Amino acid sequence: QATRVDAVNRRAQVAGGSLLGLVDHETLALGLAAPLGTVSHTGVGGLVTGGGFGRLGRRFGLSIDSLRSVDVVMADGRLPHFRRLHEQSAVFTTDAGEAPSHLEPWIQWPTVHTGLPFSRISKYSLYLLELSTPTSAICWP
């Protein structure tokens, strides 16, 4: 599990298998956050690839909206990197610049890795948000 934060460009590189608590620990220390879930021991991969909703969701959208790119390990040994065309785009492409129609059919949205049993996402890159005011949860007993 590893998370690397680039505070200047507001990006986080998150290794597959990382938990939300680790990402929050690294990003919140710098006044940044990703709109991830509410339970610290939830896996980033499952949350993001499933859409994901958390405390910041009403204002900043689903967790998957913060996904910038993914590195995938394919069953045949290929290691494709998929990235968003731009921050507001829902279209992903490879570093080779392949148009989405030329990508493998299952990868129209690269996080649909659960549909192909022998491929896994090994790294997630997330856009981070600057938190101008402290946030916290209100819990009712």
5 Å is the cut-off here: which amide hydrogens, built 1.01 Å from N in the peptide plane, fall below it relative to Gly61, excluding neighbours closer than 5 in sequence? none
By how many nm would the segment from Arg58 to Asp76 lengthen if fully extended, with 0.36 nm per residue of separation less the alpha-carbon distance? 2.5 nm
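Rule-based calculations on the coordinates, nothing more; no lab input. Everything numeric here is computed off the predicted structure, so don't read it as measured data.
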